[in-house]
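Comments concern the structure below.
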Amino acid sequence: MQINELVTITSVDQEAWEALEKSILYYQGRPVGTVAAFDVSVEALNYDQCFIRDFVSSALLFLIKGRAEIVRNFLEETLKLQPKERELDAYKPGRGLIPASFKVVSHKGEEYLEADFGEHAIARVTPVDSCLWWMILLRAYVMSTKDFSLAYQPEFQKGIRLIMELCLATRFDMYPTLLVPDGACMIDRRLGIYGHPLEIQTLFYAALRAARELLICKGNQDIVEAIDNRLPLLCAHIRQHYWIDINRLNAIYRFKGEEYGKTAVNLFNVYADSLPYYELDKWLPKKGGYLAGNVGPSQLDTRFFTLGNLMAIVSDLASVEQSQAIMNLIEKRWDDLVGDMPMKICFPALENDEYRTVTGCDPKNIPWSYHNGGSWPVLMWMLAAAAVKTNRTNLAQMAIEIAEARLSDDEWPEYYDGKKGRLMGKQARKFQTWTITGFLLAKELMANPSYLPLVSFDELPPEVVSRACEFEINSVDTYTSRA
């Protein structure tokens, strides 16, 4: 193991690195990923598989430590699992999709990889985010190793193109965001995030940026043009329509409904009485704000979703001012969002009748547990990345110190329960790999901010976003007038 000399190694760190080493998954003698958890005290179920989203933090650590071969093997093997042919069978994964996970299967002395595209998952959810994380990780590999030759190989160029075709395809939607079903991302159970959830939009934006850097224009001009068209529109749309601060809340509070035509202000016909605006008025700091969880027809999901907001900062989807406001919110509402274990996946939790209706009485997503307001240590690395990006490293340092005091004693659980994250998750696996890597990666990013460009981008020129914003508004007017 190659340890960065700038990082002070503690006994907790050493234990974490050893646990990460045990989690490495081998296929035909080569390391190809990490298992989701290495908890020998319970039945493995699908926790012995390598999940694409889970592996990202492990992969970034391997790149930082100069162990790029594991990441390269992962990228090559998962690309082979990507469907390359068009399928009209409703039960077959769409062309270009990357699986949610894979496992190594041995049969009669031979090994092969078995992919899960959601057909074996609880509720058979579709892993929309897998191909987006895969694109982000491919770029991180290239940024770290300068091995552009991998991305330029014909099979990788085809793989990138298929992902982009899947995401940029002709669709039933009129906006630049990506329309997905419930359970299509880290929140892979019913939680009312179908439509245009923020997490998917931030990953979509980062994946578009990654593809734009890695696609060779020759033979891909149509895809490159589509990306160039979508990027500024998506950026402007999110910054304008998803943003919530006290000024925006005042505007929403006075929205009129049933507006028609070019003069419409309430473009999504959001009814103010559907929003908890009095609670938001108490919760929003004067100089804080955040990106809403979801926006669509008569829908403004005002829950704070951590992954989407942090990755919006890291990927430059949020503006500089918005990024600082999000960090202000985290600082001012520390007890709500961080508490005794960083950090809440969303806030607030759905409770009472809303919980029963929206989650379908999901016993794992009871209020303040799992996806429904639970605390996930993996989010620490994204908090650290956002803190480095915004020069607010004191916040990440406090979060790391809170986690370091508990994670080892608790044996690295997947998530925590309770309003402040004091309870170990009721069904949490121990020695969860991305809990381990979330902690280690946060420390690495804090010790050496030069690693941030692996997952971060430069901001789009303001004039490009401004022109896109004007174009979007005009387009909305045109569509409205034709309705």
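The values are calculated or read from the model by the stated rules, or taken from the named source; none is laboratory data. Bear in mind that the values here come from a model prediction, so they are computed numbers and not experimental data. When we count neighbours, we look across all protein chains shown, and the Cβ atoms used for this are built from the backbone with ideal geometry, even at glycine. All accessible areas refer to the heavy atoms of the entire protein, side chains included, with ligands and DNA or RNA removed. Shrake-Rupley method; radii C 1.70, N 1.55, O 1.52, S 1.80 Å.
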(request) Can you find, among 408, 263, 283, the residue farthest towards the positive end of the dipole of the chain? Put +1 on the C-beta of Lys and Arg, -1 on that of Asp and Glu. (result) 263
(request) Counting only C-alpha contacts under 8 Å and six or more residues apart, can you give the relative contact order of segment 414-464 as a whole percent? (result) 22 percent
(request) Could you size up the charge dipole of the chain around its Cα centre, putting +1 on the beta carbon of Lys and Arg and -1 on that of Asp and Glu, and report it in debye to the nearest 20? (result) 580 debye
(message) Defining a contact as two alpha carbons under 8 Å apart and six or more residues distant in sequence, what relative contact order in percent does the chain show?
(response) 16 percent
(request) Report the trypsin sites (Lys or Arg not before Pro) located in segment 121-191 that are in a DSSP loop and have at most 11 other Cβ atoms inside 10 Å of their Cβ, or state none. (result) 146, 171
(request) Towards the positive end of the charge dipole of the chain, with charges on Cβ (+1 Lys, Arg; -1 Asp, Glu), say which of 26, 198, 236 has the farthest Cα. (result) 236
(request) Using R₀ = 30 Å, calculate the FRET efficiency as 1/(1 + (r/R₀)^6) where r is the Cβ-Cβ separation of residue 405 and residue 69; round to 0.05. (result) 0.30
(request) With +1 on each Lys and Arg Cβ and -1 on each Asp and Glu Cβ, and nothing else charged, work out how big the dipole of segment 242-366 is about its Cα centre, in Debye to the nearest 20. (result) 260 debye
(request) Quote to one decimal, in nm, the extra length available between residue 352 and residue 88 on full extension: 0.36 nm per residue of separation minus the C-alpha distance between them. (result) 90.9 nm
(request) With only Lys, Arg, Asp and Glu charged, each at its Cβ (+1 for the first two, -1 for the last two), find how big the charge dipole of segment 211-255 is about the Cα centre; round to the nearest 20 debye. (result) 220 debye
(message) I'd like the FRET efficiency for residue 30 and residue 221, computed as 1/(1 + (r/R0)^6) with the beta carbon distance as r and R0 of 30 Å, rounded to 0.05.
(response) 0.25
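For the chain, what % of the accessible area comes from carbon and sulfur atoms, probe 1.4 Å? Display every interim value, and only then the final one.
Values: 10720 of 20490 Å².
C and S fraction of accessible area: 52 percent.
Would you compute, from DSSP H runs of 4+ residues alone, the mean residue ellipticity of the chain at 222 nm, taking -39500 (n - 2.57) per run and dividing by the full residue count, rounded to the nearest 500?
So the helix-based figure for the chain works out to -14500 deg cm²/dmol.
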(message) Could you report segment 368-467's accessible area per residue, 1.4 Å probe, as an integer in Å²?
(response) 35 Å²
(message) Probe of 1.4 angstrom, ligands and nucleic acids ignored: what's the accessible area per residue over segment 1-109, in square angstrom?
(response) 49 Å²
(message) At 0.36 nm per residue, and after removing the present C-alpha to C-alpha distance, how many nm does the segment from residue 46 to residue 152 gain when stretched out fully?
(response) 34.8 nm
(message) Before I look further, what does segment 231-340 give for accessible area per residue, probe 1.4 Å, in whole square angstrom?
(response) 42 Å²
(message) What's the longest uninterrupted piece of the chain once you rule out the chymotrypsin sites (Phe, Trp or Tyr not before Pro) that are loop residues per DSSP with at most 10 other Cβ within 10 Å?
(response) 261-483
(request) Please work out the Cα convex hull volume for the chain and give it in Å³ per residue. (result) 152 Å³
(request) Compute the length gained on full extension between residue 169 and residue 282: take 0.36 nm times their separation in residues and subtract their Cα-Cα distance, giving the result in nm to one decimal. (result) 36.5 nm
(request) For segment 107-217, calculate the relative contact order in percent as a whole number, restricting contacts to Cα pairs under 8 Å that are 6 or more residues apart. (result) 34 percent
(request) In square nanometres and to one decimal, what's the mean projected area of the convex hull around the Cα atoms of segment 150-283? (result) 10.6 nm²
(request) Determine which lysines satisfy two conditions relative to residue 344: a Cα distance under 22 Å, and not lying fewer than 8 residues away in the same chain. (result) 282, 286, 287, 332, 364, 389, 419, 420, 426, 430, 443
